[in-house]
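Working notes, beginning with the structure itself.
The values are calculated or read from the model by the stated rules, or taken from the named source; none is laboratory data. Remember, it's a predicted structure, so these values are computed and weren't measured experimentally. Here Cβ is always computed from backbone atoms with ideal geometry, including for glycine, and neighbour counts include all displayed protein chains.
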Amino acid sequence: MKERGQTVGQTIVLCGLPYTRPRLCPVADHEKRWSVPQLLLALLALLPLAASAAIIDRIAVSVGNRVVTTLDVDREIRVTAFLDGRKPDFGKASKKATADRLVDQQLIRSELEYSRYPAPSAAEIAPLLDEFKSKYFASDAAYRQALADAGITEQALKDELVWQRTLLSYIEVRFQPNIQVTDEDVRDYFDKVVAPAARVAHPDQTPSINQYRGQMERTLTGQREDEQLDVWLKDARKRTAIVYHPEALE
């Protein structure tokens with residue numbers, strides 16, 4: 001929101017045309033008999049249809065016993081761009097960065113499952129979605145059209161919101177208890193960051209540290225949570241077999 005599945009070349013066929021096996025029992029005299037050449041020609045005629053209807057999802061990254069697929073990467077790019085109100089970037093660099101982010105997600109999801117961390121309920125997510133819709137779209141029809149234009153489903157959008165809420169809650173529970181922000185930390189941040197910016201924004205006023213204390217404490221806490229999460233992720237990556245398939249991210 002605006003600021004707010006292991007070898008190279010392995011594929012997974014997600015959908016395709018149904019295939020009926022040749023009959024194994026004798027045909028009745030009144031039924032039409034097909035010669036072998038006729039059967040081969042009929043099957044060959046169906047192959048282009050089957051190929052065009054199949055959606056191939058290649059493995060982009062193997063993360064332990066989990067995978068990140070090309071469809072995962074495509075969906076993540078589309079959904080995050082939709083939430084940010086920008087056009088999706090399907091360039092090589094963007095795909096690699098998105099794959100990296102999805103690897104981190106898989107590592108965290110493994111931790112969440114191991115610790116049996118509860119996921120947010122639908123009731124928690126509904127207000128977030130309603131707020132997003134009302135803020136950026138004039139009507140439900142406009143919202144639905146925007147989803148279609150972006151090539152995503154509402155469920156994909158909901159899944160992203162669930163993940164964002166889960167991640168924020170997990171970070172708070174996992175790292176926040178070990179974080180302490182002292183008065184010296186606040187004063188240093190005020191002198192180096194907040195006060196100079198405040199003077200530029202309001203040259204006729206003298207900024208007060210108490211005026212910004214609560215905001216600064218939250219900002220510093222968030223920064224240190226992110227730092228601890230980064231350290232944890234680096235360690236988790238060292239402990240996990242992660243294999244990228246660059247050809248799938250072209």
Would you mind stating whether Thr240 is assigned to a loop (DSSP other than H, G, I, E, B), within 30 Å of Ala119 (Cβ to Cβ) and modelled with pLDDT of 95 or more? yes
Could you tell me whether region 110-118 includes any residue that is among the hydrophobic types (A, V, I, L, M, F, W, C), at pLDDT 95 or above and under 18 Å from Leu229 (Cα atoms)? no
Sort out which residues of region 106-131 are surrounded by fewer than 13 Cβ atoms within 10 Å (Cβ to Cβ) and of a type in the set (S, T, N, Q), and write them in order of number. Ser115, Ser121
Reported set for region 132-149 where residues are exposed (fewer than 11 other Cβ atoms within 10 Å of the Cβ) and either on the phi > 0 side of the Ramachandran plot or not polar (S, T, N, Q) (or both) is Lys135, Ala138, Asp140, Ala141, Ala148, Asp149
Among the residues that make up region 73-85, is at least one of them within 21 Å of Tyr170 (Cα to Cα), of a type in the set (S, T, N, Q), within 15 Å of the chain's Cα centre (by Cα) and at pLDDT 95 or above? yes
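Quick grid of which residues meet (1) under 29 Å from Lys238 (Cβ atoms); (2) hydroxyl-bearing (Ser, Thr, Tyr); (3) in a loop (DSSP other than H, G, I, E, B):
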| site | (1), (2), (3) |
| --- | --- |
| Asp72 | yes, no, no |
| Arg75 | yes, no, no |
| Leu83 | no, no, no |
| Ala93 | yes, no, no |
| Thr98 | yes, yes, no |
| Arg101 | yes, no, no |
| Asp104 | yes, no, no |
| Ser110 | yes, yes, no |
Taking the stated definitions as given, is Val186 within 30 Å of Pro207 (Cβ to Cβ), over 17 Å from the mean Cα position of the chain (by Cα) and of a type in the set (A, V, I, L, M, F, W, C)? yes
Check on Leu233, surrounded by 14 or more Cβ atoms within 10 Å (Cβ to Cβ), within 21 Å of the chain's Cα centre (by Cα), farther than 29 Å from Ala123 by Cα and not aromatic (Phe, Trp, Tyr): yes
Can you name the condition, by its number, that Pro207 falls short on among (1) modelled with pLDDT under 95; (2) in a helix (DSSP H, G or I); (3) more than 30 Å from Glu111 (Cβ to Cβ)? (2)
Residue check: is Glu184 at pLDDT 95 or above, loosely packed, with under 15 Cβ neighbours inside 10 Å, within 30 Å of Ile77 (Cα to Cα) and not aliphatic (A, V, I, L, M)? no
Regarding region 144-166, can at least one residue be identified that is over 27 Å from Ala81 (Cα atoms) and either basic (Lys, Arg) or in contact with a His (Cβ under 8 Å, 6 or more places away or on another chain) (or both)? no
In the list Tyr114, Tyr189, Tyr136, which residue meets the criterion of being of a type in the set (Phe, Trp, Tyr) and farther than 30 Å from Ile77 by Cβ? Tyr189
Picking from Ile179, Ile242, Ile209, the residue that is surrounded by 12 or more Cβ atoms within 10 Å (Cβ to Cβ), within 30 Å of Leu128 (Cα to Cα) and either of a type in the set (Val, Ile, Thr) or out of contact with any His (no Cβ under 8 Å at 6 or more places or on another chain) (or both) would be Ile179
Answer yes or no as to whether Arg174 is surrounded by 13 or more Cβ atoms within 10 Å (Cβ to Cβ), of a type in the set (Lys, Arg) and either modelled with pLDDT of 95 or more or at positive phi (or both). no
Look at region 119-157 and say how many of its residues are part of a helix (DSSP H, G or I) and among the polar types (S, T, N, Q). 3
